[in-house]
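One structure is given below, encoded as structure tokens.
What follows is calculated from the coordinates using simple rules that are stated; it is not laboratory data. Every value quoted in this text rests on a predicted model; they were computed, and no experiment measured them. Glycine gets a Cβ as well: all are built from the backbone with ideal geometry, and neighbour counts include every protein chain shown.
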Amino acid sequence: MMKKTLLGLGIVLGTMASAQSATGPRFGIKAGGNLSTLTHEEARSKAGFHAGVFMNASVARNFNIQPEVVYSAQGATTDDKNNVKNNRYNLNYINVPIMLQYYAIPAFYLEAGPEFGFLVSARNRYEFEGETITEDQKQYTRSFNAGIGLGGGYRFTPGFSAYARFNAGLASMSKNNNGMKQNNFSLGVSYMF
């Protein structure tokens, strides 16, 4: 876990250092909502949120790079089954996406890039025979996740933007290798200083 964390941070810092040489970077904050699910036949979407910081810098004409560090509440729900109701898988990550942005016009951009996730907590919460039960699932969940993000955004002012992004999980998030992956759609706003 520590090696993967250090590797992820090294990638972000290296990206930031190389981006600084092209043009002075701008830093910002971002926040918004998530709609996430797991690739399992019984899984349904779960609403969550995300908030974090980013650095944005030009690397070539019409191209910017944007590494981020984002706390993200993700997971899934399942339909009621037998005596189990309101079943919610709550997965919280520190995500580190590194997005390459293409500005088709000065205010509109498309983006794509890898996302690395570091598990903070994994809990299953449900109601069983009228009682609410919470179980820690961290021991069954991989501590590292990887995916690919695709999205776009619009800059209303030089500092204020709105964005949408879909992140498709590439790695099984379960330690039993059942192939279950995390997918997440996010909408949000950001402000650059």
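Give me R44, R165, R125 sorted ascending by neighbouring Cβ count inside 10 Å, so fewest comes first.
Ordered by Cβ neighbours within 10 Å, fewest first: R44, R125, R165.
Principal-axis analysis of the Cα atoms of the chain puts helix 2-22 at an angle of about 20° to the longest axis.
I need the Kirkwood Rh of the chain: take the reciprocal of the average 1/r across all distinct C-alpha pairs and report it in angstrom.
17.5
In plain terms, the residue of H40, H50 with the fewest other Cβ atoms within 10 Å comes first and the most crowded comes last, giving H40, H50. Largest mean-square fluctuation among K138, K46, K81, in a Gaussian network model of the chain whose springs join Cα atoms under 10 Å apart, belongs to K81. Arranged from fewest to most other beta-carbon atoms within 10 Å of their beta carbon, L91, L119, L110 become L110, L119, L91. Each stretch of four or more DSSP H residues adds -39500 (n - 2.57); spread over every residue of the chain, this sum gives -4000 deg cm²/dmol at 222 nm. Considering only I29, V120, Y103, and ranking their Cα positions along the charge dipole of segment 2-192 that arises from unit charges at the beta-carbon of Lys, Arg, Asp and Glu, the one farthest toward the positive end is Y103. Summary: within the chain, the longest segment free of GluC sites (Glu not before Pro) located in DSSP loops with at most 13 other C-beta atoms within 10 Å is 43-128.
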